[in-house]
Amino acid sequence: MGRADARRARQGSARRARTKDKKSGIRRFFTWKKLLGAFLGVCLLGILGFIGLYLYVDIPKGNNEAKLQSNVYKYANGKVMARTGLRNRENVPLSRIPKDVQRTFVAAENKNFYHDSGVDLMGTMRGIFNTVMGRGKQGGSTITQQYVKNYYLSQEQTVSRKLQEIVISLKVDNKYGKDDILAGYINTSYYGRGAYGIQAAAQAYYGVDVDKLTVSQGAYLASLLQAPNQYDWTLATDAGKKRVQERWAYTLDNMVEMKWLSPEDRRKQTFQKPKDPKPLSGVSGQTNYLVEQAKQELFAQGVDEKQFAAGGWTVTLGIDKNKQKALEASVKRKLLADLDPKKRKVDADAQLGATSVDPKTGHIVAMYGGEGPPKHYRNNATRSDYQAASTFKPLILASAMENNAVTQDGVPITPNTVYDGRNRRPVVGGKIAFAPPNEDEREYGKISVQTATNNSVNAVFAQMGADAGLDAVKKTAVSLGMDDRMDVKPAMTLGTMGASPLQMAGAYATLDNHGKKVTPTLVTQATHSVNGVETKVPLKDPIGDQVLSRKTADTVTSVLTGVVNDGTASDSVKNTAYKAAGKTGTSDDDKSAWFVGYTPKLVTAVGMFGESPHGGRQVTLKNAGGHGRVNGGAYPARVWADYTQAALNGNTGEDFDLETDLGAGVPPTPTPTPSHTPSSSPSPSKSPSDSPSPTPSKPSGPPSPTHSGRPSPPVPSDSGSPGGGADGGGGAGGDGTPGGGTGNDTGGNKADSLPGFR
């Protein structure tokens, strides 16, 4: 071997030696044992880190967004009237969700739900890897993980958030039962159409409550959760419709696999297409008044306003949807159709409110508050700033009879008792001089209480108030539900206190209920749902104690049938097909007009009010609709009669069950032909009994002696000229002296007032 070859051989040996030495160095650092140790060390660190994370991370409070719910208002039949709130969600307990529907969600999302520990590690790791690789949102979560994401965390896709989800899911699964987790998941998930939770989704897609869902419908809703907007049947493309049907089938097939659905039942299932979307039930028109009144009732019974605003309430009202529609239609047909503000400025001032009550339950079955926002915000059915007028007179009679009051001559006050009905006759026995005019200055002479009620004679009820005692009259009125702030003054006998249709409906409902107190109530049930747990709020019973004897209440009812048959409401009401009782009322200067009437099954108070659209001042209704004076026997009675006919829906044959010897209405004494010429006040030396009057007809039962108490001296001329409102309402000054009127009233009817009903 030559020198060159030897040199090359040495060089090659040197290179091999260097390579060998280099490989030996790498092996010293990266042996398989060291690699395994490093791997185990990393795993140990990861485990320790996870343990630390598990110990460090607590189950947080639910996020505010997940807690938001709507408040749901329902008609008496359970149909949804309105939803309010920032989130269309109504949490329901799992017990309200049919078992088969519950299982559709497990079959669609997580077949091993009832057996896993709350986490799918492989699916989660795959999700984390895809997130790190930027491949977007990935599935793989269990139902528990999805619930944790919905209720405790946010929807962001980051590694740290995913790790939190794992830890919290393990803790949630350890702390709560599977049913609690499933209920939370179903109630917090988003289903599209603005619906959060299965109850809102059931209404949004199928128009039913959750407990009415079928297994097929449940499978569709469960399928929606994968892609709510893409799988919404109304919005979906053909491809989207195909995919959701495939997922629907996949869900049902999984139920068969899990032995939750038999193969035979599976073959019977057909895909039920959801309904087209509808706008969420709002709070416009009459609904606005009903919702606001329902809230006020709940707050008055102790419900916290802030808690209520947070949502989760289901409030059922006594409103009968058909009766509500009938009342609105009657107002439109019998009043609004006549009004034309372009022709008559006063027509823009006409407002109407009405409350209709079932006297046996005390539930408000219909309410009309006005034209609704934005035209009119104030609820006319609950406002109490207008005079009750002559609708108050039956309460005076009730008080007199209940307290066994007698006339100035010691005669018991009954419907047969005869009073002096002369115009401007000074009241006897009162502490304040009072001589109110009759409507249109009419003269009646001696007439029975029945006739005086039929014709709403002011002189008779002013004297009866003094005979019964004004304090006692107020006490009776308050016991029947009227405001206890009324002034105890002679003018109260003309109904000068403020009252609402709601209050008057309650007072007359108590009469209809044979003297047992009725407090008209809108809310019949209220439940609050928190985390799927429902709590029912205890509510006061609308039917209270006996506040009038049955004999008194039934006798007043008997008398009020005369108003319908022979009195001020007869033109509008007497030809109806049902038995009815009621009383008209018209306040001073025609600023309010009333009819409060009832049948054995329904009590309805209708009030018409003059209100300036600018500033809300009380104004006259005179010439509204182009008919001159507006009185209780006109528009209010017509609305009442039309509505009552529709509301009774043909069930009109029942008669009043009255425990009284009087029957249905006392035969009235003949009414003298009224004179429109005012008579002068009688002199102190002349008894009212000396004035000529017709002989009363023979009443049923023994006749009562004529009341002929001694009159008080004439009213001094400086006391103000007596005023008089139509129907005997108003016409008295705020201090109880004749004249002046009340509130904004500036005076009574003049001698040339147009005649009208009372």
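The set of residues in segment 479-506 being at pLDDT 95 or above, more than 23 Å from PRO437 (Cα to Cα) and over 24 Å from the mean Cα position of the chain (by Cα) consists of SER479 alone.
Counting only residues that are hydroxyl-bearing (Ser, Thr, Tyr) and not in a loop (DSSP other than H, G, I, E, B), which one in segment 450-468 is surrounded by the fewest Cβ atoms within 10 Å (Cβ to Cβ)?
Only one residue tops the list, namely THR451.
Applying a threshold of 9 Å to beta carbon distances and a minimum spacing of six or more residues, or different chains, the list of pairs starting in segment 78-91 at a residue that is surrounded by fewer than 18 Cβ atoms within 10 Å (Cβ to Cβ) and part of a strand (DSSP E or B) and ending at one that is at pLDDT 90 or above and among the basic types (Lys, Arg) reads VAL80/LYS74. The number of residues in segment 469-482 being in contact with a helix residue (DSSP H, G or I) (Cβ under 6 Å, 6 or more places away or on another chain) and assigned to a loop (DSSP other than H, G, I, E, B) comes to 3. In segment 195-284, counting only helices (runs of 4 or more DSSP H) that sit wholly within it, the ones holding 2 or more residues that are assigned by TED's automatic domain parsing to the domain that holds SER141 and either surrounded by fewer than 15 Cβ atoms within 10 Å (Cβ to Cβ) or among the basic types (Lys, Arg) (or both) span 238-257, 263-268. Among all residues of segment 69-80, there is at least one that is touching a strand residue (DSSP E or B) at 6+ places or on another chain (Cβ under 9 Å), modelled with pLDDT of 80 or more and at positive phi.
If I filter segment 483-524 down to residues being assigned to a helix (DSSP H, G or I) and of a type in the set (Gly, Ala, Ser), which single residue comes out as nearest to GLN387 (Cα to Cα)?
Only one residue tops the list, namely ALA491.
Only a single item in (1) modelled with pLDDT of 95 or more; (2) more than 16 Å from the chain's Cα centre (by Cα); (3) of a type in the set (D, E, K, R) is not met by LYS375, and it is number (1).
Return yes when SER689 is in a helix (DSSP H, G or I), surrounded by 13 or more Cβ atoms within 10 Å (Cβ to Cβ) and modelled with pLDDT under 85 and no when it is not. Please lay out each step first, then the result.
Working: in a helix (DSSP H, G or I): yes; surrounded by 13 or more Cβ atoms within 10 Å (Cβ to Cβ): yes; modelled with pLDDT under 85: yes.
Judged against the criteria, SER689 is a match.
As for segment 168-188, it holds at least one residue that is touching a Leu at 6+ places or on another chain (Cβ under 9 Å) and at pLDDT below 90. Of all the residues in segment 508-552, those that are touching a Pro at 6+ places or on another chain (Cβ under 6 Å), surrounded by fewer than 20 Cβ atoms within 10 Å (Cβ to Cβ) and among the charged types (D, E, K, R) number 1. For segment 583-622, a tally of residues being among the basic types (Lys, Arg), out of contact with any Leu (no Cβ under 7 Å at 6 or more places or on another chain) and buried (at least 24 other Cβ atoms within 10 Å of the Cβ) returns 0.
Of the residues examined, LEU560 is one that is in the same structural domain as MET504 (by TED's automatic domain parsing), part of a helix (DSSP H, G or I) and touching a helix residue (DSSP H, G or I) at 6+ places or on another chain (Cβ under 7 Å). Checked against (1) modelled with pLDDT of 60 or more; (2) surrounded by fewer than 20 Cβ atoms within 10 Å (Cβ to Cβ); (3) not small (Gly, Ala, Ser), PRO670 meets all criteria but (1).
Of a type in the set (Lys, Arg) and in contact (Cβ under 8 Å) with a residue 12 or more places away in the chain: is that true of LYS342 in this structure? So LYS342 does not fit the description; no. One residue stands out in segment 211-241 among those that are of a type in the set (Val, Ile, Thr) and at pLDDT below 95: the one that is nearest to the chain's Cα centre (by Cα), namely THR234. Among the residues of segment 635-644, is any in contact (Cβ under 8 Å) with a residue 60 or more places away in the chain and in a loop (DSSP other than H, G, I, E, B)? No; the residues of segment 635-644 include none that is in contact (Cβ under 8 Å) with a residue 60 or more places away in the chain and in a loop (DSSP other than H, G, I, E, B).
The set of residues from segment 582-606 being of a type in the set (Gly, Ala, Ser) and at pLDDT 95 or above comprises GLY582, GLY585, SER592, ALA593, GLY597, ALA605.
Given the residues THR584, THR620, which is the only one that is in a strand (DSSP E or B) and in contact with a Gly (Cβ under 6 Å, 6 or more places away or on another chain)?
Exactly one residue qualifies, and that residue is THR584.
Each residue in segment 160-194 was checked for being of a type outside the set (Gly, Ala, Ser), within 15 Å of ASN531 (Cβ to Cβ) and part of a loop (DSSP other than H, G, I, E, B), and 1 pass.
The values are calculated or read from the model by the stated rules, or taken from the named source; none is laboratory data. What you see is a predicted model; the values in this text were computed from it and never measured. Glycine gets a Cβ as well: all are built from the backbone with ideal geometry, and neighbour counts include every protein chain shown.
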